[in-house]
Amino acid sequence: MTPTPPRRVSLRRLQPGGRPRVWALIGAMAAAALALAFGHVRELGALGPAPRPSWLLLAGAFAVAELCVVHVEFRRNVHIFSLSELPLVFGLVFADPSAMLLAVLFGPIVVLLVNRGQAAVKVAFNLALFCLGAALAITLFRALVPSRDAVDPAVWGAALVAALANAVVGALLVCAAIRLSGQAIAASKLARTLAMATAVCVTNTCLALSGAAAVASDSRAAVLLLVPAAAVVLAYRAYMAERRKHESLEFLHEITRLLARAPDVAAGLTALLQRTLDLFRGDLAEIILLPPDQRSEPLCTTLEQGGAMQPMAPADRHVAEALRALVGGDTPALLLERPLADPLLDAALARRGVRRAMLAALPGETRLVGTFLVAHRGTVGTFDDHDLTLFGTLANHASVSLEYDRLEHVVTQLRQLQGRLEHQAYHDPLTGLANRALFLERLGELLDSGERDYTVLFLDLDDFKTINDSLGHAIGDELLEAIAGRLRGTLKADDLAARLGGDEFAILLHDVHDGDDVARVADRVIELLERPFSVAGHEVTAHASLGVVEGWSADVADADELLRNADVAMYTAKNAGKQRHEVFAPAMHAAMLRRHRLRDDLLR
């Protein structure tokens, strides 16, 4: 999931030095909002005739929009959907601009302070964001529509531009705040954020404009807007529920793969704990591995958000036994919130600053392998029922890979299987050479690196069908294997030979610097294949035509085009008499296109 269309920010962890930078951003946003409000917006009057809603009515609408927000977090990324465009558009079209700003300020503040209990920095940021977005939207809307007589297409376009500006600026400011708080945002995530913000904004704005057009003719039509608005909220919630399920399954698959590939138990635990912190937005994750007998000590591996791993350290025996007792029965996973009934366990969690946590069992085949805990330290973070179910499932997946007597064997088997599958995916089953997929991948890497000292040879056997028809396909296959062996034996370690299919081969040569070198290599390949092959008691001679593309003169967009040019050059060599090579020139492609058009015309 990607953070999408942000109307508010969730700064769960500010890195050292992050809070002052975020407060500085909030100050700049508030100053910009005040400058727009007192320098321009307050001088504007309402547009057109009634209805003209009061600021209290608009404030209530903004509060309801904040209450109906769809807000789902997963692995430190956030999806946020709301219907705030509805009161925004109605305010732009019907309300006095000053009343609009009052509504934007006082409507959401009650929800932010009372319903969500957010910290001061979050409330300040969100209010500054709301006010700046509204002031910007009013300014743009009134610049495009100085006056109105009806809710006509000019008003539609102006409202859409204003709402989009509000959404895009909000998304960028949220990303800036997250970056200033010490968390990185990739360019791809920023692009997806803006795309989703735009899509949701356009949908909500169109719905709002439909209602505004109806209300302009009859104010009682506002009631009709409630049904589609509720339907949109329910659709958003249904989408997010399905999306969350999908991401949960994807995460479990990723965890299983990471544990299977881990070289040892410690590396597997590190990967598991880091992904768990990301998944549940936790501050601390811990696995206690329980010994098979009372003589051994339990081992604890702990990872704190932004801190160092403490692997396989001796754990407090009382804490380990208390946690074992909590999940030792029919309760595979449960929520813990201090104060706890066990005073020693409660004191141990208090010393580490834990306020609430999820605890799950790591079951083995014959005994409890250990316990798994992820915790919040702050006052805002919480866990829901979906988190608890997913955490229990995650613990079951992890326990399979953490049993000592099976880990090494399972990891070895999976690695061997992965190696076989990767080899099959990238190599020709008959000759063992690289296949088309691997050859194109290497060409793509060359093009991306900007290297120019390379040459591609496209090789096609002349009259190979005659060999298949006269001697049989089995001998033809043996001949292809023998040709592959000769090609493999004559290349340098950095070069690559591939069978593209049928009797077509390709060769990628590195460190070739001029046309003379290319000509010598191509002639050598042709001569190499003309030496007789002994196949199943038959002496067979193979001839080939080669197409050549020189890297220093190639001007191509991708690997497919490069290989196509080599193919065109090969067909040019065949048309020129076979058993020779031709270097690709752009005129060859044009000539081939003319021949195809002429052939098609003759057929018609």
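Of Trp552, Trp156, which has the most accessible area and how do the rest follow, probe 1.4 Å?
Sorted by accessible area, descending: Trp156, Trp552.
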| message | I need the phi-derived Karplus couplings for region 88-98: 6.51 cos²θ - 1.76 cosθ + 1.60, θ = phi - 60°, integer Hz, Gly and Pro marked x. | response | 4, 5, 4, x, 4, 7, 10, 8, 5, x, 5
| query | Considering amide H positions built from the backbone, and no H for Pro or chain starts, which residues 5 or more places from Phe533, or on another chain, come under 5 Å of its amide H? | reply | Val540, Thr541, Ala542
| query | So, in nm, how far is label His513 from label Arg351 when the simple model puts each one 7 Å beyond its Cα toward the Cβ? | reply | 6.9
| Highest-first arrangement of 52-61, 172-181, where packing means the average Cβ count within 10 Å | 172-181, 52-61
| message | Which of the three applies to region 417-533, rounded, prolate or oblate, going by the alpha-carbon gyration tensor with a ≥ b ≥ c and a/c under 1.5 meaning rounded? | response | oblate
| task | With θ set to phi - 60°, apply the Karplus curve 6.51 cos²θ - 1.76 cosθ + 1.60 along region 277-290 and write out the HN-Hα couplings as whole Hz, x wherever there is a Gly or Pro. | result | 4, 5, 5, 9, 6, x, 9, 8, 10, 8, 10, 10, 8, 8
| message | What's the ranking of 541-550, 436-445 by average number of surrounding C-beta atoms within 10 Å, highest first? | response | 541-550, 436-445
| remark: So for R0 = 51 Å, FRET eff. of Lys465-Ala187 from the Cβ-Cβ r, to 0.05, ends up at 0.50
| said: Could you tell me the calculated FRET efficiency between Glu530 and Ala195, based on Cβ-Cβ distance and R0 = 56 angstrom, to the nearest 0.05? | reply: 0.45
| note | Surrounding charge for Asn468, neighbours by C-beta under 12 angstrom, Lys/Arg +1, Asp/Glu -1, total -4
| Chain lengthening between Ala28 and Arg436 when straightened (0.36 nm per residue, less Cα-Cα) | 141.3 nm
| field | Potential extension, Leu421-Leu598 segment - 0.36 nm per residue separation minus Cα distance | value | 59.2 nm
| task | For region 559-565, just list the computed ³J(HN,Hα) in residue order, Karplus coefficients 6.51, -1.76 and 1.60, θ = phi - 60°, integers in Hz, with x standing in for Gly and Pro. | result | 5, 4, 5, 4, 5, 4, 4
| query | Got a number for carbon plus sulfur as a percent of region 484-558's accessible area, 1.4 Å probe? | reply | 43
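The values are calculated or read from the model by the stated rules, or taken from the named source; none is laboratory data. The structure presented is a predicted model; accordingly, all values stated were derived computationally and were not measured. FYI the Cβ positions are ideal-geometry reconstructions off the backbone, even for glycines, and counts take in every protein chain you see. Ligands, DNA and RNA are stripped out before the accessible areas are found, and what is left, the full protein with its side chains, is counted by its heavy atoms. Shrake-Rupley method; radii C 1.70, N 1.55, O 1.52, S 1.80 Å.
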